[in-house]
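The values are calculated or read from the model by the stated rules, or taken from the named source; none is laboratory data. Only a predicted model underlies this, so the values are computations on that prediction, with no experimental measurement involved. Quick reminder, even Gly has a Cβ in these numbers, built from the backbone with ideal geometry, and neighbours come from all protein chains shown. With ligands, DNA and RNA removed, areas are computed over all heavy atoms of the protein, side chains included. Shrake-Rupley method; radii C 1.70, N 1.55, O 1.52, S 1.80 Å.
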Amino acid sequence: MMALAVLVLVRTRNLFAVIVLSGIYSFLMATLLVALDAVDVAMTEAAVGAGVSTVLLLGALHLCKSEEAKPVHRPWLPLSLSLATAGLLIYGALGLPDFADPAAPIHRHVAPRYLQNEVDVPNVVTAVLASFRGYDTLGETTVVFTAGAGIIALLRRRRHPRNEDGDHGK
Amino acid sequence: MSGGLLEHFSHIVAVLLMVAGLHVVMARGNLIKKLVGLSIFQTSVYLLYIAPGKLIGGTAPILAPEYALYSNPLPHVLILTAIVVGVATLALGLALAVRIREAYGTIEEDEITAADNAVQDAEGAKP
């Protein structure tokens, strides 16, 4: 089903349909993440990927044209490049540890220590996010702040010539 | 270490999604379509990170006395950060697209290049 959504998404030229499909795709991805035991990530993906992203894309679409032009180039060069990349990556992936292999290095390194409940928070993801890797979260906040500042800098100039009624954008 | 294709099914799905996103970014000229392709590429990376952390028979990493086996929490944390950063960069890209639309009147790459070339030709013909 996800493959179908992505295929239609690649082929469709109506941008509104593309955005709705990308929202559906995000929900499917969230379902898959629940199946992989990543409940926190699934919740964030459903809220941010399917919710906020769709709203942002629709807002940008409101300011632009909603139909994509017919591609003028033949798509063979990008297609062959993509397929070559896929072949190489799958060949490389065959050397990775098997799916759900308990002896894989990822389960041997720091994860057992994280699961010992050192900070007394039952949700381990929260404990790692806020305590063990707190500097990562600080860096993330910096990136979000920079992006917000950039958006304001990009979109503010537009409001001065016109009168200040319709504030689209963020 | 190396098994058949079935043991690497999650990797193959992630690679195919990644390549679909890459193809959209390279082949399509519309800037909003390119950004959607970029976010598909991003979600494939989520899958690539989360899938190795899964253990058969494990549960979500929320400690409870009834369970002993948990999935690896570290990739979950990294991907949580990546999702939030991803939506921030998506918003920045859309703001750029809106500005380009105001400056050029279009968000098609070919038309933007054509407009740029026309301006250059006009400037080259003047002196």
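Give region B:105-114 a look and list any residue that's open to solvent by 40 Å² or more (accessible area, probe 1.4 Å) and among the aliphatic types (A, V, I, L, M), or say none.
Quick first cut of region B:105-114, residues open to solvent by 40 Å² or more (accessible area, probe 1.4 Å) only: B:105, B:109-111, B:113-114.
Matches in region B:105-114: B:A114 only.
List pairs: first in region A:47-58 and more than 7 Å from chain B (Cβ to nearest Cβ), second surrounded by fewer than 21 Cβ atoms within 10 Å (Cβ to Cβ) and of a type outside the set (A, V, I, L, M, F, W, C), Cβ under 7 Å, 6+ apart or cross-chain?
Every condition considered, the pairs that remain are A:A50/A:G23; A:T54/A:G23.
Might you let me know whether region A:53-74 holds any residue that is small (G, A, S), open to solvent by 30 Å² or more (accessible area, probe 1.4 Å) and in a helix (DSSP H, G or I)? Step through it out loud before you land on a result.
Looking only at region A:53-74, we keep the residues that are small (G, A, S), and these are A:53, A:59-60, A:66, A:69.
Filter once more, so that each one left must be open to solvent by 30 Å² or more (accessible area, probe 1.4 Å): A:59, A:66, A:69.
Retained after the next criterion (residues that are in a helix (DSSP H, G or I)): A:59.
There is at least one residue in region A:53-74 that is small (G, A, S), open to solvent by 30 Å² or more (accessible area, probe 1.4 Å) and in a helix (DSSP H, G or I).
Could you check B:V77 against (1) over 27 Å from B:K33 (Cα atoms); (2) open to solvent by 70 Å² or more (accessible area, probe 1.4 Å); (3) within 23 Å of the chain's Cα centre (by Cα) and say which number it fails?
(2)
Please state which one of A:V34, A:V6, A:V39 is closer than 27 Å to A:F99 by Cα, of a type in the set (V, I, T) and at pLDDT below 85.
Numbers: A:V34 fails: at pLDDT below 85; A:V39 fails: at pLDDT below 85.
Sole residue among the options that is closer than 27 Å to A:F99 by Cα, of a type in the set (V, I, T) and at pLDDT below 85: A:V6.
If you take the residues of region B:22-45 that are more than 7 Å from chain A (Cβ to nearest Cβ) and not small (G, A, S), which of them is farthest from the chain's Cα centre (by Cα)? Lay out the reasoning, then the answer.
Start the filter on region B:22-45 by keeping residues that are more than 7 Å from chain A (Cβ to nearest Cβ), which leaves B:25, B:31, B:34-35, B:37-38, B:41-42, B:44-45.
Next cut, not small (G, A, S) only: B:25, B:31, B:34-35, B:38, B:41-42, B:45.
Values: B:V25: 10, B:L31: 14, B:K34: 10, B:L35: 8, B:L38: 4, B:F41: 3, B:Q42: 3, B:V45: 8 Å.
Among those residues, the one meeting the criterion is B:L31.
Scanning region A:145-170 for residues that are modelled with pLDDT under 50 and either of a type in the set (V, I, T) or under 21 Å from the mean Cα position of the chain (by Cα) (or both), which turns out most open to solvent (accessible area, probe 1.4 Å)?
Restricting to residues being modelled with pLDDT under 50 and either of a type in the set (V, I, T) or under 21 Å from the mean Cα position of the chain (by Cα) (or both), the top hit is A:K170.
What tally of residues in region A:107-140 results from selecting those that are surrounded by fewer than 17 Cβ atoms within 10 Å (Cβ to Cβ), hydrophobic (A, V, I, L, M, F, W, C) and closer than 23 Å to B:G57 by Cα?
2
Looking for something facing chain A (nearest Cβ under 7 Å) and within 19 Å of the chain's Cα centre (by Cα) - is there at least one such residue anywhere in region B:50-68?
For region B:50-68, residues facing chain A (nearest Cβ under 7 Å) and within 19 Å of the chain's Cα centre (by Cα): present.
I need the full set of residues from region A:107-152 which are assigned to a loop (DSSP other than H, G, I, E, B) and among the charged types (D, E, K, R), in order please. Explain how you work it out, then say what you get.
Step one: list which residues in region A:107-152 are assigned to a loop (DSSP other than H, G, I, E, B), which gives A:108-110, A:115-122, A:133.
Residues satisfying the conditions are A:R108, A:E118, A:D120, A:R133.
Output the number of the condition that A:G23 fails; it satisfies all remaining conditions of (1) part of a helix (DSSP H, G or I); (2) open to solvent by less than 40 Å² (accessible area, probe 1.4 Å); (3) facing chain B (nearest Cβ under 9 Å); (4) without any contact (Cβ under 8 Å) to a residue 60 or more places away in the chain.
If we test A:G23 against (1) part of a helix (DSSP H, G or I); (2) open to solvent by less than 40 Å² (accessible area, probe 1.4 Å); (3) facing chain B (nearest Cβ under 9 Å); (4) without any contact (Cβ under 8 Å) to a residue 60 or more places away in the chain, just (3) comes out false.
Say whether the condition of being touching a Gly at 6+ places or on another chain (Cβ under 8 Å) and surrounded by 14 or more Cβ atoms within 10 Å (Cβ to Cβ) is met by at least one residue in region B:59-71.
Scanning region B:59-71 turns up at least one residue that is touching a Gly at 6+ places or on another chain (Cβ under 8 Å) and surrounded by 14 or more Cβ atoms within 10 Å (Cβ to Cβ).
Considering only residues that are open to solvent by 30 Å² or more (accessible area, probe 1.4 Å) and facing another protein chain (nearest Cβ under 7 Å), which ones fall in region B:80-104? First the steps, then the outcome.
Restricting attention to region B:80-104, the residues satisfying the condition of being open to solvent by 30 Å² or more (accessible area, probe 1.4 Å) are B:82, B:84-85, B:89, B:92, B:96, B:99-104.
Listed by number, the residues that qualify are B:V84, B:V85, B:T89, B:L92, B:L96, B:R99, B:R101, B:E102.
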